[in-house]
Amino acid sequence: MADLKRTPIFPEYEKWGAKTVDFGGWDLPVQFSGIKEEHHATREKAGLFDVSHMGEIEVTGESSEAFLQKMVTNNVTKLNINQAQYTAMCYPDGGTVDDFLVYKRDDNDYLLVVNAANTEKDYDWLKEHQIDGVSIENVSDQYAQLALQGPLAESILQKLTDDDLSEIKFFRFKDDVSFTGVNHTAIVSRTGYTGEDGFEIYIDQSSGRALWQAIMEAGEPEGLQPIGLGARDTLRFEANLALYGQELSKDITPVEAGIGFAVKVKTEDDFIGKDVLAKQKQDGPGRRLVGVEMLDKGIPRHGYDVLVGDEVIGFVTSGTQSPTLDKNVGLALIDVNHAEEGNVVSVQVRKRQLEAKIVPTPFYKRG
C-alpha cells in the first residue's frame, strides 16, 4: 500500500484501530470499530469523518459567475455570499461529469468541492471550457476536510470555538472560524453526506490533524466515534444521497438519478446538456431511480439486474442491509413503466431471481 496517497489525518488511524483499504488510490479507513456500530453512533450521537481526499477547485475572476452558470445545472446566480449549493456538471448528452457543492466565498470567488476520483477530470473539463476573466486552480493539496455529523455535532464543535455555530443554517457557511489550539482558521459549512445534522470543515492541510485530535477529545464525553468509508456509504445510502459511479455517471443523467431539483432548466442561461435535461424534465425520463426492498432473503448489490419476468428492466445502483431499518434494500435505475411504488420485481442475485417490491425513498429521514 506504499504507493497510495494518504491524507494529513492518516497518522491518527492506527490510534483508533482503523482497517484501511485502497479507495481510488487513497489509503483510507473502511472502518474503525465496525460499520454498524459507527452507523448507529452517527445516527444517535456523532461521528467524525476524514474526507480530506475530496477535491477542491477554486474558480475566481470577474466572469466566474457567468462561467459557472454555463458549466453547472443549478442556478449559481441565486447564491449569496456564505451560501453553498448542490449541483451537477454534465456532458452535452446530459450524462453526468460529476455532482458537487459550490461555495460562494465572495463576489467572483467560488470553491467547488468535488468527488475525489473525479478531481482531475473535473478540472480538465472546466479548463477545456475556460473563458476570459476566469481563473481555475486545483487547490486540493492545500486542504484537509473533516465532517462532523450527528445530532450532537453542534454541541461538540461549539466547545472549540467562540463563533456561534447555531447561526450557520443549512447550506450556509462561515469563513475564518477559529478553533482552540489549532493554528489555522477554517471554513465551517452546515452540510453533510449522512442525512444527519452536522458540519463539513475545510482547513489548511497542516492543521488537519490538530483539528481532528481536538474534535475527538471534545466529543469523547458525548460518545463521538471516528467513522470509516463503510458507514459513510450506508448512511448516505439510507438518506438517498447519490454516489458518483453508482447513482450518477457519464451514462446516467441527474434527472434520471432523482436530483432534478438541482437542474434549473427555466433559467435564460444555457448550460452544457440543458436541451436534453429540459426534455427529460418536461416529458419524464425513460428510466427512474427507485427504492427496492427485498421480499426474499438476499442483498441487492451494485450492478445486479432487475427483472420483470424474463425482461431486464434495469439494474441496482446501490444496495445493502440497512443498519437503521434492519432490512435488505437497494436503489435501482429501472424502466419508468415499471417504477410504480408497490410493484413487485425480481433481482438477479447470482444464479437466483429474488422477489423485491418498489418502495418510497429516502429509506431514512431525520425526525
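The values are calculated or read from the model by the stated rules, or taken from the named source; none is laboratory data. In this text the structure is predicted, and so the values were computed from the model without any measurement. Quick reminder, even Gly has a Cβ in these numbers, built from the backbone with ideal geometry, and neighbours come from all protein chains shown.
Of the residues in segment 164-178, at least one is at positive phi, assigned to a loop (DSSP other than H, G, I, E, B) and at pLDDT 95 or above.
Considered as a group, the residues in segment 262-279 that are touching a Pro at 6+ places or on another chain (Cβ under 9 Å) and not charged (D, E, K, R) include one that is farthest from residue 330 (Cα to Cα), and that residue is 272. Residue pairs whose Cβ atoms lie under 9 Å apart, sitting 6 or more positions apart in sequence or on different chains, and linking a residue in segment 101-120 that is of a type in the set (Asp, Glu) to a partner that is part of a helix (DSSP H, G or I), are 107/64; 107/65; 109/64. Would you mind stating whether residue 76 is buried (at least 19 other Cβ atoms within 10 Å of the Cβ) and free of Cβ contacts under 8 Å to residues at least 40 places away in the same chain? For residue 76, the condition - buried (at least 19 other Cβ atoms within 10 Å of the Cβ) and free of Cβ contacts under 8 Å to residues at least 40 places away in the same chain - is met. With respect to being surrounded by fewer than 20 Cβ atoms within 10 Å (Cβ to Cβ) and more than 20 Å from residue 97 (Cβ to Cβ), residue 251 falls outside the description. Screening residue 234 with (1) within 14 Å of the chain's Cα centre (by Cα); (2) closer than 16 Å to residue 163 by Cβ; (3) among the β-branched types (Val, Ile, Thr) gives one miss only, at (2). The test for being in a loop (DSSP other than H, G, I, E, B) and of a type in the set (D, E, K, R) holds for residue 196.
Going by the conditions given, is residue 198 farther than 30 Å from residue 62 by Cα, under 20 Å from the mean Cα position of the chain (by Cα) and touching a residue at least 24 places away in the same chain (Cβ under 8 Å)? Taking the combined requirement at face value, the residue satisfies it. The listed residues are 280, 246, and the only one of them that is among the polar types (S, T, N, Q), buried (at least 19 other Cβ atoms within 10 Å of the Cβ) and within 17 Å of residue 339 (Cα to Cα) turns out to be 280. Applying the criterion of at least 1 residues that are assigned by TED's automatic domain parsing to the domain that holds residue 121 and out of contact with any helix residue (DSSP H, G or I) (no Cβ under 9 Å at 6 or more places or on another chain) to the strands (runs of 3 or more DSSP E) found wholly in segment 13-107 leaves 55-60, 83-90, 96-106. Across segment 297-325, the qualifying residues are those that are within 22 Å of residue 42 (Cβ to Cβ) and among the hydrophobic types (A, V, I, L, M, F, W, C), and the one among them that is surrounded by the most Cβ atoms within 10 Å (Cβ to Cβ) is 299.
Residues that are charged (D, E, K, R), under 24 Å from residue 284 (Cβ atoms) and either assigned to a strand (DSSP E or B) or without any contact (Cβ under 8 Å) to a residue 12 or more places away in the chain (or both) within segment 337-360 comprise just one, 357. With the structure loaded, tell me whether residue 290 is more than 28 Å from residue 194 (Cβ to Cβ) and among the hydrophobic types (A, V, I, L, M, F, W, C) or whether it fails that test. The answer is no for residue 290. Residues of segment 181-223 being over 30 Å from residue 363 (Cα atoms), of a type in the set (Val, Ile, Thr) and in contact with a strand residue (DSSP E or B) (Cβ under 7 Å, 6 or more places away or on another chain), which ones? Across segment 181-223, the qualifying residues are 185, 187, 203. For residue 117, the criteria (1) within 23 Å of residue 263 (Cβ to Cβ); (2) touching a strand residue (DSSP E or B) at 6+ places or on another chain (Cβ under 6 Å) hold in every case but one, which is (2). Every test in (1) under 16 Å from the mean Cα position of the chain (by Cα); (2) within 15 Å of residue 232 (Cα to Cα) is passed by residue 55 save one, and that test is (2). The residue that is surrounded by the most Cβ atoms within 10 Å (Cβ to Cβ), counting only those in segment 148-173 that are among the aromatic types (Phe, Trp, Tyr) and touching a residue at least 24 places away in the same chain (Cβ under 8 Å), is 173.
Taking segment 232-278 as the search range and keeping residues that are of a type in the set (Lys, Arg) and outside any loop (DSSP other than H, G, I, E, B), which one is nearest to residue 327 (Cα to Cα)? Among those residues, the one meeting the criterion is 236.
Scanning segment 268-283 turns up no residue that is within 21 Å of the chain's Cα centre (by Cα) and at pLDDT 95 or above. Do we have any residue at all in segment 296-316 that's in a strand (DSSP E or B), in contact (Cβ under 8 Å) with a residue 60 or more places away in the chain and farther than 27 Å from residue 74 by Cβ? The answer is no, given that none of the residues of segment 296-316 is in a strand (DSSP E or B), in contact (Cβ under 8 Å) with a residue 60 or more places away in the chain and farther than 27 Å from residue 74 by Cβ.
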